[in-house]
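Below is one structure, written out as structure tokens, with a few remarks after it.
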Amino acid sequence: MSRRHRPLSTSRYKYYKCILNLTMGVAAATILVQYSYTLIYLHQQAVRDAAQINDQFTAPPAVTKKCTCVDCNEDKVCGGLWLGNRYPGMPAEEEAIHIKMHIVVSHCKNSLDWMPKYLEGFKNVASIHVISKCGQEVKGAPNETTTVVIPNVGRCDHAFAYYITEILPQLITKTATTTTYDNSIIVFLKDTTMERIHQNRVAGGRLRHIDLKSLVRIASSVNGFACGLDLGGGNGKQSAYHDASTLYKQEMTAYEKGEKDYKNGDVVPFRSNYDTFGDFYKALNATSPSDLVQVCYGGVFATSTEHIFKQDMNVWRTLEKALERGDNIQEGHYTERSWGPLLATPLKPFQIEALKNHATSVREQHWAMHGTLMSEPIYSPTSLNPPADSPASGTHNKN
């Protein structure tokens, strides 16, 4: 006879049902949490896999940058390096005339009647300053020119340093929290800008002036600096770039050009406390230059406000102070060679390598363009080194 089950009481039934529901709820929650974690993991893994696959198909392969040539038209990055006349980021000619620029002219005694023609066609000349130093009347300057008279020391280089420390800061826009540069080009000129290039006695009559439009275009490029002289002179033998280690050893013991016309009567000695250009440059506490540096001769160049203010203002004040020692002084010639290293964008290692490979020698003339890279033999077609007893002074083998 089968055993009959005693029916559960209502209270016990509810109790077991509650336990069952609770157990099933916990199990369901556990499964839901595990499922959620599984979905998150699968999603993250899918994202990583997709990124890896995408990189394989879209990421460019690692490429070591290299110049095809440094004096040619084919290489858009390096092709203008040798002469310093073409860089990436140069605006078109029709754009250059609309770029905002400020003009500063170091004046002694020459007329500036050439300036209106020189500036003709440019639509955005924001300011013109003439820094007059020799007590002579400024003639021929455009009507909107501001003339500032300062002591006759340091020649054009002191005028330019004074402009950077005392005038240019007034031309930038300042807000309560930041300083915004007006992204303009500063063109540095002399009252003798249109006259004969005296450096041609060193370069064999091959140097040429660069026109204002080209100055503005080059200064607006990634290089941020343009020299008013074309050192190549059409034959490309000498570069705008110098070997820094050779340049650092340059020393000048005397300089007589301009003594008759520009001497202000001071009796300070030409030589300074700096034995070499390297001693002078290091005393500025400026950013260190690369192995090869651009050097600009002649006192005519252009740069951007951005590149000027990349250097600490104390660098420019130190430069200005050094040039106050006298009129015809050694510091002025060292400053002439400092503008490029201070303002131009430092070269990348692959650009330095390309320039060194293109060069065949380095000029050694302590009184002139010491350290210039040269692209062909000077002494003979087969040898870069002159005989030990040769009276010639010109270059040394780069090796």
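The values are calculated or read from the model by the stated rules, or taken from the named source; none is laboratory data. On a predicted model such as this, the values are computed, not experimentally measured, just so you know. Every residue, glycine as well, gets a Cβ built from its backbone with ideal geometry; the counts of neighbours run over all protein chains shown. Accessible surface is based on the protein model in full, side chains and every heavy atom, while ligands, DNA and RNA are left aside. Shrake-Rupley method; radii C 1.70, N 1.55, O 1.52, S 1.80 Å.
Size of segment 267-318 from its Cα atoms: along the principal axes, largest to smallest, the extents are 37, 25, 24 Å. In the full protein context, segment 67-145 carries 48 Å² of accessible surface per residue, based on a 1.4 Å probe and ignoring ligands, DNA and RNA. Close amide H partners of HIS107, meaning residues 5 or more places away or on another chain with modelled amide H under 5 Å apart, are ILE131, SER132, LYS133.
Determine the alpha carbon to alpha carbon distance for each of LYS139/LYS190; LYS76/LYS348; LYS310/LYS348; LYS123/LYS321; LYS109/LYS249; LYS117/LYS190 and list only those over 24 Å.
LYS123/LYS321; LYS109/LYS249
Rounded to the nearest whole Hz, the Karplus-based 3J(HN,Hα) values (6.51 cos²θ - 1.76 cosθ + 1.60, θ = phi - 60°) of segment 349-364 follow the sequence x, 5, 6, 4, 4, 5, 5, 5, 5, 6, 6, 10, 6, 10, 5, 10, with x at glycine and proline.
Spin-label model, TRP367/GLU166: points 7 Å from Cα along the beta carbon direction are separated by 3.4 nm. Annotation for SER111 and ASN124: the two label points, set 7 Å from Cα along the Cα-Cβ direction, are 3.3 nm apart. As a size descriptor, the averaged projected area of the C-alpha convex hull of segment 93-137 was calculated at 3.3 nm². With both labels modelled 7 Å from their Cα along Cα-to-Cβ, the ASP182 to THR147 distance reads 2.3 nm.
Between the C-alpha center of segment 124-174 and that of segment 319-336 there is a gap of 17 Å.
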